[in-house]
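A.B. asks: Pasting a structure here, questions to come.
The values are calculated or read from the model by the stated rules, or taken from the named source; none is laboratory data. Just so it is clear, the model here is predicted, and its values are computed rather than measured. Here the Cβ is made from the backbone with ideal geometry for all residues, glycine too, and neighbour counts use every protein chain on show.
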There are 4 protein chains.
Amino acid sequence: MTRITGKSFGSDNHAGVHPAVLAAVLAANAGDAEAYGADDVSAAATAALCERTGAVSASLVFTGTAANVLGLSLLARPYEGAICAETSHLNVDECGAAERVLGCKLLPVPAPDGKVTPPAIERRLSGIGDEHRVQPRVVQIAQVTENGTCYSLAELSELRQFCQHHDLLVLLDGARIANAAAYLDCSLAEIAAFADVLTFGGTKNGALGVEAVLVMAPGLADHVRYYRKQQMQLASKMRFLSAQINALLSDDLWLANARHANAMAARLATAISGIPGVELAYPVQSNGVFASLGEGHARRLEEAWNFHIWAEGSDSRCVVRWMTAFDTSEEDTDALAAAVKATAV
Amino acid sequence: MTRITGKSFGSDNHAGVHPAVLAAVLAANAGDAEAYGADDVSAAATAALCERTGAVSASLVFTGTAANVLGLSLLARPYEGAICAETSHLNVDECGAAERVLGCKLLPVPAPDGKVTPPAIERRLSGIGDEHRVQPRVVQIAQVTENGTCYSLAELSELRQFCQHHDLLVLLDGARIANAAAYLDCSLAEIAAFADVLTFGGTKNGALGVEAVLVMAPGLADHVRYYRKQQMQLASKMRFLSAQINALLSDDLWLANARHANAMAARLATAISGIPGVELAYPVQSNGVFASLGEGHARRLEEAWNFHIWAEGSDSRCVVRWMTAFDTSEEDTDALAAAVKATAV
Amino acid sequence: MTRITGKSFGSDNHAGVHPAVLAAVLAANAGDAEAYGADDVSAAATAALCERTGAVSASLVFTGTAANVLGLSLLARPYEGAICAETSHLNVDECGAAERVLGCKLLPVPAPDGKVTPPAIERRLSGIGDEHRVQPRVVQIAQVTENGTCYSLAELSELRQFCQHHDLLVLLDGARIANAAAYLDCSLAEIAAFADVLTFGGTKNGALGVEAVLVMAPGLADHVRYYRKQQMQLASKMRFLSAQINALLSDDLWLANARHANAMAARLATAISGIPGVELAYPVQSNGVFASLGEGHARRLEEAWNFHIWAEGSDSRCVVRWMTAFDTSEEDTDALAAAVKATAV
Amino acid sequence: MTRITGKSFGSDNHAGVHPAVLAAVLAANAGDAEAYGADDVSAAATAALCERTGAVSASLVFTGTAANVLGLSLLARPYEGAICAETSHLNVDECGAAERVLGCKLLPVPAPDGKVTPPAIERRLSGIGDEHRVQPRVVQIAQVTENGTCYSLAELSELRQFCQHHDLLVLLDGARIANAAAYLDCSLAEIAAFADVLTFGGTKNGALGVEAVLVMAPGLADHVRYYRKQQMQLASKMRFLSAQINALLSDDLWLANARHANAMAARLATAISGIPGVELAYPVQSNGVFASLGEGHARRLEEAWNFHIWAEGSDSRCVVRWMTAFDTSEEDTDALAAAVKATAV
């Protein structure tokens, strides 16, 4: 419960707000403005989001959980379900919001590296047309996944074609889509094109607190504003959420932030390679480094550093997660790597 | 869809953020912090809220709608309903969130001046013990009401006793509780004492966007954090919500802001008294002035001023609402009054 | 808690099952049959219902509450609401099932004689296009109403045109539609033509327990079987529900039952006319007689007769409800009328 | 869509109604009765259920899905989840009713033979106290399981102790509890003692359509009747559901029916043992025989017999399910066994 001293590798939301984002929030404070998004700052933000991604509609909300739920509510009827990774944020870390708020059943599939694959989906496609079964309708994926991995554009394309063939819609959780675009060296639009609805995360990438729900298919956007309000995600002083988006999209700050965070993760991964007993658990494809190490090792490291023990393993080993952020420095990274080495035996 | 020129009287959420609140947000940006409220700034905010109000638990959320819904979720079982004013924000302006998110039936009662009274409640207490009927369990009131009126402490006391006698819990919507405390010249705790759960509004009183749910009865607080997360109201970078609360509670900024807004409303009411064809629709007891005037009059005034036409009336008359805020100046107020006068014929 | 001695006028569901219905249930017991409605008896029942009413789909369920909720679920999106009579079964007597199971907000309107009228609907059509408001989408009416009155075909036609003009769908609660058709001397199809979805009640008209949801518009029927299962209304041994429908529709037993019940209500109304202090509260247009009388009178009558006190009135008066059924005899009716007279002073 | 000729082994709900049950339904039709369970027949049924099982409350509902959902609604708060077998009826075959009607997240665990085991539960007990996670609160088991297996009393005892140690409540799906009691040669009370809430199935055991929800812990029963009504499971002519229960409990008809069905399954299992290419998939511990055989074999057998292909297997094999019922005869059973043999090559 105390303020963190030194740099945290616990989460990218342990970081604060990028100065340019804060400056935009301050600038948005000039004069009065219409509430609920009917202001110039908000018009600019939604237009910019649509322009960058090819979306037909952009709706700002407060949290990543809310963005996932709002997106899902646009795609699934009450008796339809969403196939998702067993380990997905939607399934594990949203306190059952999809089930409770929407009444939507999730249909989890194994995803060893965080990715949902066509064969895994196919095994879930039983009971089509059987009224006793929730009907699979949505495939929910995260780009970046919970394991820090990214779908390649080829994988996204294959998944999309599979889904279209089986009349399944794609919902893409983009809480860290910036990191994915940076890793893949592609535009947001290139990723968005594979989804029917996606989310765009600001909070983990230098914002104070803003996420967006982007609708790619015209028919789905008609009612999103009612859903947003009903789901308690309509900000009255919207301009202050919008200003954050404008700052992130201005001069590609979103990309610079994500590239930097990714670079720090890559640097960390390199620096710890070769430390005895430490192995990468997943390839490093974003701003997260997942490593397997001894439990004792992890406990010693925890004494001075903030990070998460992601999973218990067998043989007294565990997987830890080290997250970097837009403001993680080379010095922070090198210091952590040194500490990993120093606590290794 | 354009930025408002001049001062808006459309809503207290057309105003921006008080400089002291913005300064606190900036100050909170130093260094990393634990997410989800496990940081010092947040510990201070919740402690201060509890200390000022006598609450046993304080939970920050993003919007007033969310605060009402979270509060209600702590009080009513699935088959229990909430008696509320027909005209209440909960019943009218939250896009059915209580029904959709909680499945809770609202039991509206007439409330000509916005206040729910014991006789009106009593007429709703039929069907107790009848399994075909939703069982009344909660009485939801707003202090300030949607009509800008305030319950006196005596009225609150009478209502509370009536509720206790009938085994009804009280949920108080305090989106403008600061204005009520300022009007009644009482403490927050004196109002809070009459409720089981209440909300504390920051957004309309100079904050960027923060509301709190305050639980007065120990047993109800145990699970609030799960409900908050599930209802998509858990901020990851919580410190920036908490900082706003700290700023409002520091040196009683909340009270100064509310007193000022109330004073501007009173000034406006005085200034327009005697203008032919203009009459107060409700007593002015907060930062809202509701006036009845001719429709043509309202339309002429609308050309240069931002405000809401609250209700259509008979005989080509309507009720308009003029809201003041922490930053409404005497000049703004006098200019509006002059315009009301000038457009009267 | 004891078996009723003599004929009850408490409710038409105090009556038992018509012998022809029981015989059909017995006959359906020959041999094995596919479950969930994929049997011959069920095919016949749904075909007959569609043929009689013009419906494109007929789904059997267990209760009237379930029929209303299933019907509503076909018509309203999550942010859309249903205008209904304040006194409707849907609003008052279903323990909030519409709100809880569907998350649907009901928008009650005054209906002094149980009927929803275009002017009453029109006053509820505010806030169209406003995302803060639940959007009115459905008008729910009952034919027969809770007050025993019937819409004339002209009234239904006017209501339907009004609804179409305002893009509102009509949901008709036909728990006692047989009594309405008998009273209006029209076919089921003539009533059904004014609705998008309606229910057809069997239970109150001599069945053991079966109701149907009839969909009049092709597009709405596609998914009804998933909704029925999810709403826990799919009978495994469906043939025994279907057999009841077949019996009721065979030789127009439904109509004969309803005509008889209506005739007994009319006979009762005639017999009590002129008894001092007893007045009809509503016109008698079905199998219910609603009368206003002194409270003491009602209490005396209650000692030997089973009926409901419907509403408390002023001046020590109340409204009572006397329901007749398919098996109420002329002797029963005359005996009640005599008792009303005998207890009048 | 055609009436089945010959005996079906497709499901125990393909069977009709036991004559004694039908006789009781007919007998219940004498005279008028209070609705909604306030009648003598219903009082007898609920008393008998409580007396046989040790329950403090018994509530009749229409379907097994409804019984599971009503039971679950008594045990889990909105943010609490139910651990259940991946293959359970609740998780697979109820069209998401638990999620949709209750908003309850299910937490499925692998259960190769249909049984939930303490180690499988334990692996799901992560995230306790973490507000991002649905909190495990209920362990839902079926006795008989979906695979036709039964927990021994020792297994139930071990499970119960494990659950109590971890503050988990037990919900037991007893759609086929009669078959379990018959197999284990124990009383209903001996099984019920291991649950907090259980269901008692009548429909698959010779009833027309009735299930019961039995509450074993006093505190949980207070509100069940509101939940039942809200969940659209309150029969108006309840006496006809109650009469079925009375018939089943009279002279232990429930047990005789279940014993007979179990005996026919055992006879079938014996008769098919030794047929080349046919192997039992699970031990036969109730009225279901699950066998693995070649796909071609299954298709040939399907031409003349009604049964389900339960699961596709590898190497052109599949698992079929043959269900017996209270009225399956030795001749039916032997004929099926002969057909299995005849179609084997």
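A.B. asks: Checking D:Ala44 against (1) at pLDDT below 95; (2) assigned to a helix (DSSP H, G or I); (3) of a type outside the set (S, T, N, Q): exactly one of these is not met. Which one?
C.D. replies: Evaluating D:Ala44 over (1) at pLDDT below 95; (2) assigned to a helix (DSSP H, G or I); (3) of a type outside the set (S, T, N, Q) leaves (1) as the failure.
A.B. asks: Do the conditions hold for A:Gly6, that is, is it under 15 Å from A:Gln244 (Cα atoms) and in a loop (DSSP other than H, G, I, E, B)?
C.D. replies: Criteria not met by A:Gly6.
A.B. asks: Looking for whichever is at positive phi and away from chain A (no Cβ under 14 Å) here; the options are C:Gly16, C:Gly31, C:Gly37. Which one fits?
C.D. replies: C:Gly31
A.B. asks: Turning to a different aspect of this structure: Kindly evaluate C:Gly64 against the criterion of being within 30 Å of A:Tyr36 (Cβ to Cβ) and at pLDDT 95 or above. Walk me through how you get there before you give the answer.
C.D. replies: Working: within 30 Å of A:Tyr36 (Cβ to Cβ): no; at pLDDT 95 or above: yes.
Taking the combined requirement at face value, the residue does not satisfy it.
A.B. asks: Would you check if B:Ala311 is free of Cβ contacts under 8 Å to residues at least 12 places away in the same chain, assigned to a strand (DSSP E or B), surrounded by fewer than 18 Cβ atoms within 10 Å (Cβ to Cβ) and of a type in the set (Gly, Ala, Ser)?
C.D. replies: yes
A.B. asks: Hey, another quick one. Considering only the stretch A:272-288, state which residues are part of a strand (DSSP E or B) and either crowded, with 23+ Cβ neighbours inside 10 Å or of a type outside the set (Asp, Glu) (or both).
C.D. replies: Within the stretch A:272-288, A:Leu280, A:Gly288 meet the criteria.
A.B. asks: Then there's this: Report yes if some residue within the stretch A:198-206 is of a type in the set (Phe, Trp, Tyr), touching a residue at least 12 places away in the same chain (Cβ under 8 Å) and in a loop (DSSP other than H, G, I, E, B); otherwise report no.
C.D. replies: no
A.B. asks: Answer yes or no: is there a residue in the stretch C:297-305 that is touching a residue at least 40 places away in the same chain (Cβ under 8 Å), buried (at least 17 other Cβ atoms within 10 Å of the Cβ) and among the small types (Gly, Ala, Ser).
C.D. replies: no
A.B. asks: Next up: How about the stretch A:19-28: which of its residues are surrounded by fewer than 23 Cβ atoms within 10 Å (Cβ to Cβ), under 24 Å from the mean Cα position of the chain (by Cα) and either within 8 Å of another protein chain (Cβ to nearest Cβ) or assigned to a loop (DSSP other than H, G, I, E, B) (or both)?
C.D. replies: A:Leu22
A.B. asks: Here is a further query. Of the numbered conditions (1) part of a helix (DSSP H, G or I); (2) under 21 Å from B:Val101 (Cβ atoms); (3) touching a Leu at 6+ places or on another chain (Cβ under 6 Å), B:Ala181 fails exactly one; give the number of that condition.
C.D. replies: (2)
A.B. asks: Oh, and also: Considering each residue of the stretch D:314-345, count those that are charged (D, E, K, R), in a strand (DSSP E or B) and more than 22 Å from the chain's Cα centre (by Cα), and give that number. Show your work before the answer.
C.D. replies: Here is the first cut: in the stretch D:314-345, the residues charged (D, E, K, R) are D:315, D:317, D:321, D:327, D:330-332, D:334, D:341.
Going one step further and asking which of them are in a strand (DSSP E or B), we end up with D:317, D:321.
So of that shortlist, the ones also more than 22 Å from the chain's Cα centre (by Cα) come out as D:317.
So the answer is 1.
A.B. asks: Related question: Only one of A:Ala243, A:Ala269, A:Ala298, A:Ala265 is part of a helix (DSSP H, G or I), in contact with a Gly (Cβ under 7 Å, 6 or more places away or on another chain) and among the small types (Gly, Ala, Ser). Can you tell me which?
C.D. replies: Of A:Ala243, A:Ala269, A:Ala298, A:Ala265, the one residue that is part of a helix (DSSP H, G or I), in contact with a Gly (Cβ under 7 Å, 6 or more places away or on another chain) and among the small types (Gly, Ala, Ser) is A:Ala265.
A.B. asks: Could you check the stretch C:121-137 and list, in sequence order, the residues that are of a type in the set (D, E, K, R) and within 11 Å of chain B (Cβ to nearest Cβ)?
C.D. replies: First, pick out the residues of the stretch C:121-137 that are of a type in the set (D, E, K, R): C:122-124, C:130-131, C:133, C:137.
C:Arg123, C:Asp130, C:Glu131, C:Arg133 - these are the residues of the stretch C:121-137 that are of a type in the set (D, E, K, R) and within 11 Å of chain B (Cβ to nearest Cβ).
A.B. asks: In the stretch A:216-235, is there at least one residue being at pLDDT 95 or above, within 10 Å of another protein chain (Cβ to nearest Cβ), crowded, with 24+ Cβ neighbours inside 10 Å and within 13 Å of A:Gly201 (Cα to Cα)?
C.D. replies: Within the stretch A:216-235, not a single residue is at pLDDT 95 or above, within 10 Å of another protein chain (Cβ to nearest Cβ), crowded, with 24+ Cβ neighbours inside 10 Å and within 13 Å of A:Gly201 (Cα to Cα).
A.B. asks: Look through A:Leu72, A:Leu22 and report the one residue that is under 25 Å from B:Ser242 (Cβ atoms) and modelled with pLDDT of 95 or more.
C.D. replies: Answer to the check: A:Leu22.
A.B. asks: Suppose we filter C:Ala45, C:Ala58 for residues that are in contact with a Leu (Cβ under 6 Å, 6 or more places away or on another chain), more than 8 Å from every other protein chain (Cβ to nearest Cβ) and either of a type outside the set (Phe, Trp, Tyr) or crowded, with 24+ Cβ neighbours inside 10 Å (or both); which single one remains?
C.D. replies: From the options C:Ala45, C:Ala58, the qualifying one is C:Ala58.
A.B. asks: Of the residues that sit in the stretch C:106-131 and are in a helix (DSSP H, G or I) and of a type in the set (A, V, I, L, M, F, W, C), which one is surrounded by the most Cβ atoms within 10 Å (Cβ to Cβ)?
C.D. replies: The extreme case among them is C:Ile121.
A.B. asks: Out of all the residues in the stretch C:186-197, is one or more free of Cβ contacts under 8 Å to residues at least 24 places away in the same chain, surrounded by fewer than 21 Cβ atoms within 10 Å (Cβ to Cβ) and acidic (Asp, Glu)?
C.D. replies: No, the conditions are met nowhere in the stretch C:186-197.
A.B. asks: Still on this model: For the stretch D:129-136, check the following and say yes or no: at least one residue is charged (D, E, K, R), in contact with a helix residue (DSSP H, G or I) (Cβ under 6 Å, 6 or more places away or on another chain) and over 30 Å from D:Phe9 (Cα atoms).
C.D. replies: The answer is yes, given that some residue of the stretch D:129-136 is charged (D, E, K, R), in contact with a helix residue (DSSP H, G or I) (Cβ under 6 Å, 6 or more places away or on another chain) and over 30 Å from D:Phe9 (Cα atoms).
A.B. asks: I'd like the full set of residues that are assigned to a helix (DSSP H, G or I), closer than 22 Å to A:Asp93 by Cβ and out of contact with any strand residue (DSSP E or B) (no Cβ under 9 Å at 6 or more places or on another chain), limited to the stretch D:49-102.
C.D. replies: D:Arg100, D:Leu102
A.B. asks: Continuing with this model, one more query. If you check A:Lys115 against the conditions, is it in contact (Cβ under 8 Å) with a residue 24 or more places away in the chain and within 24 Å of A:Cys150 (Cβ to Cβ)?
C.D. replies: yes
A.B. asks: Of the residues B:Ala66, B:Ala98, which single one is at the interface with another protein chain (Cβ under 9 Å from one of its Cβ atoms), under 30 Å from A:Asp40 (Cβ atoms), out of contact with any Gly (no Cβ under 7 Å at 6 or more places or on another chain) and of a type in the set (Gly, Ala, Ser)?
C.D. replies: B:Ala66
A.B. asks: Do you know which of the residues in the stretch D:75-95 that are at the interface with another protein chain (Cβ under 8 Å from one of its Cβ atoms) and hydrophobic (A, V, I, L, M, F, W, C) is surrounded by the most Cβ atoms within 10 Å (Cβ to Cβ)? So that I can check it myself, show each step before the final result.
C.D. replies: To start, the set of residues in the stretch D:75-95 that are at the interface with another protein chain (Cβ under 8 Å from one of its Cβ atoms) comprises D:77-79, D:81, D:92-95.
After this cut, where a residue has to be hydrophobic (A, V, I, L, M, F, W, C) as well, the list is D:92, D:95.
Working: D:Val92: 19, D:Cys95: 29.
Going through the qualifying residues, I end up with D:Cys95.
A.B. asks: If I filter the stretch B:164-177 for residues that are closer than 30 Å to C:Trp310 by Cβ, part of a helix (DSSP H, G or I) and at pLDDT 95 or above, do I get at least one hit?
C.D. replies: yes
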